[in-house]
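The values are calculated or read from the model by the stated rules, or taken from the named source; none is laboratory data. Just so it is clear, the model here is predicted, and its values are computed rather than measured. Here Cβ is always computed from backbone atoms with ideal geometry, including for glycine, and neighbour counts include all displayed protein chains.
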Ligand code: SDX
């Protein structure tokens, strides 16, 4: 028989944490970064402005923004030897596997920014990752499709530079579409930070042991990959593709409601939002903008997505469970229209979330009270018992 030991609630050292960075009101569908609403940041600013805000706590002045942009731009190249790291992977490796491995390996190349007790090294490591994740993500994409790597360009802004590294080829000039670059930048803003989600908690727990920042961010990337978390954007697009047409929606809605069926509507529901995810609204608007700019007027998956949303929002099951579309519901359609294969969607999420992970890691590391995280448990196993010699085992 098993007896549970008394559970001491005092040991919930990582059950929750204090933070000044992001506030979510799940019932009202509110998301603030350092007090600023996500819709205002997405409307008026760019991704590097949001990065500055998350890291330093205030919106930058014009001079501060220019300096920050320049410092990030000057860190976008990767150590040339790291290019060989990519060629060790199979061509059909999932880009998330490549990005997770390469980011973890950064600590093997940038020894002068791994001492977390040194504020300067902490900031250099932070800048390096914000700057290099687009380069690493684009290299993972190029490697997976067998095209040559494209170097970053200092004359392009963050999102345009990323699109150029992803889609330019040596044979012809790649023209930056400013509408699509602006949409990409806004998508990065929407994914930048989100309080203590699973991957951020992973980064905090890894960082609480004193591990180097590159290893901590690699841990966050690994956690984000799961389909219940950041992998939901790829899963949502695959689900919409499997549903295929509006006529098939009722079958899948019924499956999502069936307790005995593990199927869930990908891109729906959230542990915190019990109202509409404010990011999903902005993502849907961005989706229409991108499809409009590209002249795509009859995307069958958008039609399925919008009808699925209409049905789910009027269905008593989803109303009762307070299930609304989350950020991952429309992002897949948008990213596919921008030219990304589904296996790159979570990589883009990780690229954008890197600044949130870093800001949360930095807040924790710089807290003089912080201690190593050590979750406790409610033990439900055997009480103590004596060893049984092999001869007496049945
Ligand atoms: C992200 O934490 C974050 O902030 C994450 C994130 C971020 O920015 O970091 O916002 C990004 O991860 C968004 C979520 C992406 N995941 C998906 O879209 C996958 C599909 N969604 C579900 O797996 C689910 O909604 C979760 C994982 C998102 C939340 O899981 P919970 O907390 O277990 O779900 P819940 O408590 O809200 O569920 C309440 C009920 C449950 O039923 P009961 O056990 O009460 O009977 O609703 C059901 C769930 O079974 N339910 C669903 C459902 N989501 C929840 N039923 C059908 N389809 C769904 N999508």
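For region 267-285, the set of residues classified as within 6 Å of the ligand (Cβ to nearest atom) and closer than 18 Å to residue 337 by Cβ consists of 267 only.
One residue stands out among those in region 315-349 that are part of a helix (DSSP H, G or I), within 15 Å of the ligand (Cβ to nearest atom) and more than 17 Å from the chain's Cα centre (by Cα): the one that is surrounded by the most Cβ atoms within 10 Å (Cβ to Cβ), which is 318. So, residue 64, is that one modelled with pLDDT of 95 or more, more than 22 Å from residue 191 (Cα to Cα) and assigned to a helix (DSSP H, G or I) or not? Yes: the conditions hold for residue 64.
For residue 370, the requirement of being assigned to a loop (DSSP other than H, G, I, E, B), more than 16 Å from the ligand (Cβ to nearest atom) and exposed (fewer than 13 other Cβ atoms within 10 Å of the Cβ) is not met.
Do the conditions hold for residue 305, that is, is it within 14 Å of the ligand (Cβ to nearest atom), closer than 25 Å to residue 181 by Cβ and either modelled with pLDDT of 90 or more or surrounded by 14 or more Cβ atoms within 10 Å (Cβ to Cβ) (or both)?
So residue 305 passes the test.
If you go through region 282-300 and keep only what is farther than 25 Å from residue 194 by Cβ and assigned to a helix (DSSP H, G or I), you end up with 291, 292, 293, 300. Of the numbered criteria (1) within 12 Å of the ligand (Cβ to nearest atom); (2) more than 16 Å from the chain's Cα centre (by Cα); (3) in a helix (DSSP H, G or I), the one residue 261 fails is (3). The requirement of being at pLDDT 95 or above and surrounded by fewer than 17 Cβ atoms within 10 Å (Cβ to Cβ) is satisfied by residue 383. Here the condition is being in contact with a helix residue (DSSP H, G or I) (Cβ under 7 Å, 6 or more places away or on another chain), outside any helix (DSSP H, G or I) and within 26 Å of residue 161 (Cβ to Cβ); of 176, 217, 187, it holds for 176 alone. Any residue in region 185-214 that is without any contact (Cβ under 8 Å) to a residue 60 or more places away in the chain and within 22 Å of residue 105 (Cβ to Cβ) sitting within a Cβ distance under 7 Å of a residue that is within 11 Å of the ligand (Cβ to nearest atom) and assigned to a helix (DSSP H, G or I)? List the pairs, counting only those 6 or more apart or interchain. Listed by first residue and then by second, the contacts come to 202/220; 202/223. Across region 223-245, the qualifying residues are those that are in a loop (DSSP other than H, G, I, E, B) and within 20 Å of residue 98 (Cα to Cα), and the one among them that is farthest from the ligand (Cβ to nearest atom) is 225.
With the structure loaded, tell me whether residue 220 is buried (at least 24 other Cβ atoms within 10 Å of the Cβ), within 16 Å of the ligand (Cβ to nearest atom), closer than 30 Å to residue 373 by Cα and in contact (Cβ under 8 Å) with a residue 24 or more places away in the chain or whether it fails that test. Answer is yes for this residue. Screening residue 83 on (1) touching a residue at least 40 places away in the same chain (Cβ under 8 Å); (2) under 16 Å from the mean Cα position of the chain (by Cα); (3) part of a helix (DSSP H, G or I) shows it passes everything except condition (2). The requirement of being surrounded by fewer than 19 Cβ atoms within 10 Å (Cβ to Cβ) and touching a strand residue (DSSP E or B) at 6+ places or on another chain (Cβ under 6 Å) is satisfied by residue 32. Might you let me know whether region 181-195 holds any residue that is more than 16 Å from the ligand (Cβ to nearest atom) and surrounded by fewer than 20 Cβ atoms within 10 Å (Cβ to Cβ)? Checked against the condition, which is being more than 16 Å from the ligand (Cβ to nearest atom) and surrounded by fewer than 20 Cβ atoms within 10 Å (Cβ to Cβ), region 181-195 yields at least one hit.
How about region 110-121: which of its residues are assigned to a helix (DSSP H, G or I) and out of contact with any helix residue (DSSP H, G or I) (no Cβ under 6 Å at 6 or more places or on another chain)? Listed by number, the residues that qualify are 111, 112, 119, 120.
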